[in-house]
Amino acid sequence: MKCESCGHEQASVHMTSIVNGVKEEHHYCTQCASQKEQGQSSMFSSMFDDTFFNNQFFANAIYPQGTLSSSKTIQCPQCGMTISEFNHLGRLGCDTCYSAFQNQLTPLIKRIQGSVSYEGRVPQRGAADLKVEKQIQQLRHELVQAVKQELFEKAANIRDKIKSLEESKGSK
């Protein structure tokens, strides 16, 4: 496809715009595209510049309010990367970055993966045993919370549930 501006060179920049439901396609060679960009109010550059992803809206959408403001000076002791560089690149510099930026990465990982601990997949065989074990683990956590809140009747009921689950697990 030839450039629609000069008609000589092969078109390598393809632009599609939809305005009020009307689709327009334009095809330019690199030279004409750069001339069009300079002639117009940087139509192409606004699509490709880094400021779109580096503004406060996206930083606040990824991190809770105030998490980044205190951490701009934190630097990885091994590779020297800062949290701002991580936000720009989207990847960490080395394995030490995980511990250096732990406070900033934990909310991000929770938001993306739902949890910071890997629980794995449940195999087909033994799934029932793992389900019971997980239920016991959850009940133990609830038991600790009930005792902390001094809800002793609730704690006794939870204890009894744990005991019955452990007995049923042991009898299999």
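The values are calculated or read from the model by the stated rules, or taken from the named source; none is laboratory data. These figures come from a predicted structure and were not determined experimentally. For neighbour counting, all protein chains shown are included, and Cβ atoms are generated from backbone atoms with ideal geometry for every residue, glycine included. In case anyone asks, the SASA skips ligands and DNA or RNA and just uses the protein heavy atoms, side chains included. Shrake-Rupley method; radii C 1.70, N 1.55, O 1.52, S 1.80 Å.
Excluding His27 itself, calculate the net charge of residues whose Cβ lies under 9 Å from the Cβ of His27, where each Lys or Arg counts +1 and each Asp or Glu counts -1. Summing Lys/Arg as +1 and Asp/Glu as -1 gives -1. For the set Phe86, Phe101, Phe152, the ranking by accessible area, highest first and with no ligand, DNA or RNA atoms included, is Phe152, Phe86, Phe101 under a 1.4 Å probe. For the range 80-153, the list of trypsin sites (Lys or Arg not before Pro) that fall in a loop by DSSP and count at most 14 other C-beta atoms within 10 angstrom reads Arg91, Arg121, Arg125.
Model label sites at Lys154 and Lys134, defined 7 Å from Cα along the beta-carbon direction, differ in position by 2.3 nm. Put a dot 7 Å past the Cα of Glu142, heading toward its Cβ, do the same for Met15, and the two dots end up 6.1 nm apart. Restricting the range 75-172 to GluC sites (Glu not before Pro) that sit in a DSSP loop and have at most 15 other Cβ atoms within 10 Å of their own Cβ leaves Glu119, Glu150.
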